[in-house]
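Participant: One structure follows; several queries about it will come next.
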Amino acid sequence: LRVDVQSGRSEQYVYPMESVHHGCNEILSVEGGRFLVIERDGRSGGKAVFKRIVLIDVAGATDVSGVASLPYRGLPDGVRPVAKRAVIDLLDERWGLAGGSFPEKIEGLAFGPDGEDGSRTLVVTSDNDFKEDQPSWAWVFSVPRSVLEWPAGTR
């Protein structure tokens, strides 16, 4: 759902999930119809298999506000979903985050100050549901601006 706060006009778009078992927990506006989305499974520790920050672009996606019902699988003719691609796979071994203590609920995204090189500082957080025995995590990534752009001709 995208709402123009000035006019109140809204549009709805189809976001294709990688699995019916995943959820989307946060959407952060980048600019120009691009957004970062947390898509994740509901597993923690070594059972976690999908925890990604995804860039989506609504340019070219069909506004489905007027569609009464969408099918469980597939899309009606002429309906085009948002374009999407993974930006950060939190379980990628290069980050050193995966393992027994990896939290179930990755649920927060925010931009921090820009880096001196023009990169965006991205803060990713977890939610421990106020459980005293579980920590809340915050990870900080430096993301080149080019990663947050959509390559021409790839929508």
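The values are calculated or read from the model by the stated rules, or taken from the named source; none is laboratory data. Model, not experiment: these values are computed from the prediction. We place every Cβ from the backbone using ideal geometry, glycine too, and count neighbours over all the protein chains shown. Calculation scope for accessible area: heavy atoms of the full protein, side chains included, ligands and nucleic acids excluded. Shrake-Rupley method; radii C 1.70, N 1.55, O 1.52, S 1.80 Å.
Participant: Give me the pairs, please: first residue somewhere in segment 132-153 and over 29 Å from Gly100 (Cα atoms), second residue anywhere and of a type in the set (Lys, Arg), beta-carbon distance under 7 Å, and either six or more positions apart or on two chains.
Facilitator: Between residues of segment 132-153 that are over 29 Å from Gly100 (Cα atoms) and residues that are of a type in the set (Lys, Arg), the close pairs are Arg145/Arg120; Leu148/Arg34; Leu148/Arg120; Trp150/Arg34.
Participant: Hey, another quick one. Taking segment 31-82 on its own, how many of its residues are closer than 30 Å to Ser101 by Cα and not charged (D, E, K, R)?
Facilitator: Of the residues in segment 31-82, 15 are closer than 30 Å to Ser101 by Cα and not charged (D, E, K, R).
Participant: Oh, and also: Within segment 99-153, track down each residue that is in a loop (DSSP other than H, G, I, E, B) and touching a strand residue (DSSP E or B) at 6+ places or on another chain (Cβ under 7 Å).
Facilitator: Pro103, Lys105, Gly112, Pro113, Asp114, Gly115, Ser119, Asp127, Ser136, Trp137, Trp150
Participant: Still on this structure, I have one more. Within segment 90-100, which residues are open to solvent by 80 Å² or more (accessible area, probe 1.4 Å) and farther than 13 Å from Arg52 by Cβ?
Facilitator: Glu93, Arg94
Participant: If you take the residues of segment 29-52 that are of a type in the set (D, E, K, R) and open to solvent by 50 Å² or more (accessible area, probe 1.4 Å), which of them is nearest to Gly112 (Cα to Cα)?
Facilitator: So the residue we want is Glu31.
Participant: Please work out which residue is farthest from Ile27 (Cα to Cα), limiting yourself to segment 62-83 and to residues that are in contact (Cβ under 8 Å) with a residue 60 or more places away in the chain and open to solvent by less than 50 Å² (accessible area, probe 1.4 Å).
Facilitator: Val79
Participant: Test each condition in (1) part of a loop (DSSP other than H, G, I, E, B); (2) open to solvent by less than 50 Å² (accessible area, probe 1.4 Å) for Val5 and report the one that comes out false.
Facilitator: Val5 satisfies every listed condition except (2).
Participant: Would you please name the residue that is nearest to Asp89 (Cα to Cα), looking only at residues in segment 101-153 that are more than 18 Å from the chain's Cα centre (by Cα) and small (Gly, Ala, Ser)?
Facilitator: Ser101
Participant: Tell me whether segment 20-29 contains one or more residues that are part of a loop (DSSP other than H, G, I, E, B) and in contact with a strand residue (DSSP E or B) (Cβ under 6 Å, 6 or more places away or on another chain).
Facilitator: yes
Participant: Residue by residue through segment 8-28, note down the ones that are open to solvent by less than 70 Å² (accessible area, probe 1.4 Å) and more than 16 Å from Ala61 (Cα to Cα).
Facilitator: Gly8, Ser19, His22, Gly23, Cys24, Asn25, Glu26, Leu28
Participant: Looking only at segment 135-145, decide whether some residue is out of contact with any helix residue (DSSP H, G or I) (no Cβ under 7 Å at 6 or more places or on another chain), farther than 25 Å from Lys84 by Cα and open to solvent by less than 80 Å² (accessible area, probe 1.4 Å).
Facilitator: Yes: segment 135-145 contains one or more residues that are out of contact with any helix residue (DSSP H, G or I) (no Cβ under 7 Å at 6 or more places or on another chain), farther than 25 Å from Lys84 by Cα and open to solvent by less than 80 Å² (accessible area, probe 1.4 Å).
Participant: With (1) at pLDDT below 95; (2) open to solvent by less than 60 Å² (accessible area, probe 1.4 Å) as the list, and Gly112 as the residue in question, which single condition is left unmet?
Facilitator: Answer for Gly112: the failing condition is (1).
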